[in-house]
Amino acid sequence: MKHAKRAIRTKLLPWFATNRRAMPWRSNRTPYRVWISELMLQQTRVDQVIPYFNRFMKRFPSLKSLAAASQEDVLKQWEGLGYYSRARNLHKAAQIITDEHRGRFPKTAEEIIKLPGIGSYTTAAIGSLAFNLDLAVLDGNVIRVLSRLFAYTKDTRSTTAKKELQQLADDLLVKGEAGNFNEAMMELGATICLPKNPQCGSCPISHVCLGHESGRPTDYPIKAPKKKVPHIVVGAAVVTNRKGEVLIAQRRDEDMLGGLWEFPGGKRETGETIQQCIVRELKEELGINIETGDFLITVKHAYSHFTMEMHTYFAKIKSGRPRPIECQNFQWLDTSDLRKVPYSKADLYVIDALERQIIQQND
Ligand code: SF4
């Protein structure tokens, strides 16, 4: 530990000072910008986050403007980033900060962690980067670096390992330099200590790394195999009316992907054809009887805890008027207006297919 600590202070921090990549949230570092970037960076790569971050900052340049926005507007800016509860929570948190902290981001770990959607990782990241609190972060990159550095042999997905690795990170933390320490560890994991191909020859702390010394750094981190995730089959409908408008439904706030809009439909039940599933789902969701028409597209998508294939067909209403029974709201939109509201990735692929078809028909 003593050698690793010294190597981090004397080698890793200077390495980071000269090798840190430029990122928009690293300039003009305010608590608000740190917070938004940290939430966006969870489960998402830096290069994917940069355009989202820049767009978000343009649309909501301050915490005040975020608090005053509608949830739908916030979701629209988040569209495609996934894990939409992050967007709903940050919107709620902005309103709490405005109402209860006079618009000032709280400065202590105890207050930061009370905000919706903020756990120990985000608290440590905001606390260290925005307020220089001595808190060590533990994300996927840091776990990889630490488990190699100490040739850590426990399953890093276990709760015990998380606690022990957090303790190691806390022990290594350079007091008074927590922001730099955290960013340096994450940067090392993201650019040098890569999952499959660690660049030990360029690593500033290879002389104290037990994983490197073992000659098999990629044996770490040790991870128990993930459980197989379930696969579901979904039917969805592009229901059109005489004016050529399309019917879309809004998912309930409390459901997965809550607040987002979708082409109505749902999970196929045992023994059903896709068309039968769509007919049943639209009756349950919107109280309408429909008949299905041509096939449009099958979209495959992987979520964190299941995979899905969604088969989409055109449809027309035979009887009934739509009512929001198992959805929050519904609306008819002209196809040129469909992108004005937020959707999940799967439904955005359906819009792409619909637009392609319209272009072909007009050619
Ligand atoms: S020496 Fe290699 S395995 Fe060890 S921290 Fe550096 S890059 Fe990772």
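What follows is calculated from the coordinates using simple rules that are stated; it is not laboratory data. Quick caveat, the model's predicted, so the values are computed rather than measured. Virtual Cβ from ideal backbone geometry, glycine too; neighbours counted across all protein chains shown.
Taking Gln48, Gln95, Gln71 in turn, the Gaussian network model of the chain (Cα-Cα springs below 10 Å) assigns the largest fluctuation to Gln48. State, to one decimal in nm, how far the label point of Leu348 lies from the label point of Ser85, with both points 7 Å from Cα in the Cβ direction. Here the answer is 2.1 nm between the modelled labels. Close Lys pairs in the range 246-363, defined as Cα atoms under 15 Å apart and 8 or more places apart or on different chains, number 5. Ellipticity at 222 nm from helices only: DSSP H runs of n ≥ 4 in the chain, each -39500 (n - 2.57), divided by the residue count, give -13000 deg cm²/dmol. P(r) for the range 269-363, from all Cα pairs and a bin width of 5 Å, is 2, 11, 17, 22, 26, 15, 5, 1, 0 %, short bins first. Amide H to amide H distances under 5 Å link Asn329 with Gln250, where only residues 5 or more positions off or on other chains count and H is placed in the peptide plane. Packing around the peptides 289-299, 307-317, taken as the average count of other Cβ atoms within 10 Å per residue, puts them in this order, highest first: 307-317, 289-299.
Taking Cα centre as origin and charging only the Cβ of basic (Lys, Arg, +1) and acidic (Asp, Glu, -1) residues, the dipole magnitude of the chain rounds to 1020 debye. Note on Gln357 and Arg6: the model spin-label points, each 7 Å out from Cα along the C-beta direction, lie 6.9 nm apart.
Relative contact order for the chain: what percent, with Cα pairs under 8 Å and sequence separation of 6 or more? Relative CO of the chain lands at 15 percent. What is the local net charge at Leu286, summed over the other residues whose Cβ is closer than 12 Å to its Cβ (Lys, Arg +1; Asp, Glu -1)? So the surrounding residues net to -1.
Which whole-angstrom value gives the distance between the alpha carbon centres of the range 136-183 and the range 221-297? After rounding, the separation between the Cα centres reads 41 Å.
In plain terms, if you count all Cα to Cα distances in the chain and split them into 20 Å steps from zero, the share in each step is 25, 46, 26, 3 percent.
Each Lys or Arg adds one and each Asp or Glu takes one away; over the other residues whose Cβ falls under 11 Å from the Cβ of Ser85, this sums to 0. Look at where the Cα atoms of the range 2-42 and of the range 48-91 average out, and the two centres are 23 Å apart.
Which residue, Ile143, Ile126, Ile288, tops the fluctuation ranking in a GNM of the chain built on C-alpha contacts under 10 Å? Its mean-square fluctuation being the largest, the pick is Ile288.
For the range 197-296, the relative contact order is 18 percent, taking Cα pairs closer than 8 Å that sit 6 or more residues apart in sequence and dividing their mean separation by the residue count.
Within the listed set Ala184, Ala68, Ala249, the Gaussian network model of the chain (springs between alpha-carbon atoms below 10 Å) gives the highest mean-square fluctuation for Ala68.
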